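The values are calculated or read from the model by the stated rules, or taken from the named source; none is laboratory data. Quick caveat: nothing in here was measured; it's all calculated off a predicted structure. All Cβ positions, even for glycine, are placed from backbone atoms using ideal geometry, and neighbour counts span all protein chains on display. For accessibility, only protein heavy atoms count, side chains too; no ligands or nucleic acids. Shrake-Rupley method; radii C 1.70, N 1.55, O 1.52, S 1.80 Å.
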Amino acid sequence: QVQLVESGGGLVQPGGSLTLSCAASGSIFTLYVMGWYRQAPGKQRELVATISSKGSTNYADSVKGRFTISRDNAKNTVHLQMNSLKPEDTAVYYCNTRAIGTINWGQGTQVTVSS
């Protein structure tokens, strides 16, 4: 019953910033460890960052120091602040739980980093 809707993607120049948002419906959202994933053309979907229900975070080495994941449990939202963007960050970004299969994937939001 929980649905995920990602937004905030777009075209940005290298070195620029972008903030992604994920809105979730469902009464059990606050119980989940949430993550941001991304998938570039021809590549496997990869985990970018996670955040627990209490706010503990983890990041992939490729984005550490540049990206910040956050959540607002009261609003059922998860965010990804992306700074110092690089062309290799170009991908479709998705949010979901770490327990894959619990919630259906949303449509994702496209992030394109290009000059």
**OP:** Check whether at least one residue in the range 76-92 is under 14 Å from the mean Cα position of the chain (by Cα), among the polar types (S, T, N, Q), within 14 Å of SER7 (Cα to Cα) and modelled with pLDDT of 95 or more, and report yes or no.
**Re:** yes
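Let's see how each residue does on (1) closer than 17 Å to THR112 by Cα; (2) free of Cβ contacts under 8 Å to residues at least 40 places away in the same chain; (3) part of a loop (DSSP other than H, G, I, E, B); (4) polar (S, T, N, Q):
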site	(1), (2), (3), (4)
ALA23	no, no, no, no
GLY35	no, no, no, no
ARG38	yes, no, no, no
ALA49	no, yes, no, no
LYS54	no, yes, yes, no
SER84	yes, no, yes, yes
Original post:
Out of all the residues in the range 1-33, which are of a type in the set (S, T, N, Q), over 12 Å from the mean Cα position of the chain (by Cα) and either surrounded by 14 or more Cβ atoms within 10 Å (Cβ to Cβ) or over 16 Å from ASN73 (Cα atoms) (or both)?
Top reply: GLN1, GLN13, SER17, THR30
Subject >> Evaluation of TRP36 against (1) at negative phi; (2) open to solvent by 50 Å² or more (accessible area, probe 1.4 Å) (one fails), failing number >> reply: (2)
Original post:
What number goes with the only condition from (1) over 24 Å from GLN3 (Cβ atoms); (2) among the acidic types (Asp, Glu); (3) in contact with a Lys or Arg (Cβ under 9 Å, 6 or more places away or on another chain) that ASP61 does not pass?
Top reply: (3)
Original post:
How many of the residues making up the range 63-92 are open to solvent by 30 Å² or more (accessible area, probe 1.4 Å), more than 11 Å from SER17 (Cβ to Cβ) and small (Gly, Ala, Ser)?
Top reply: 3
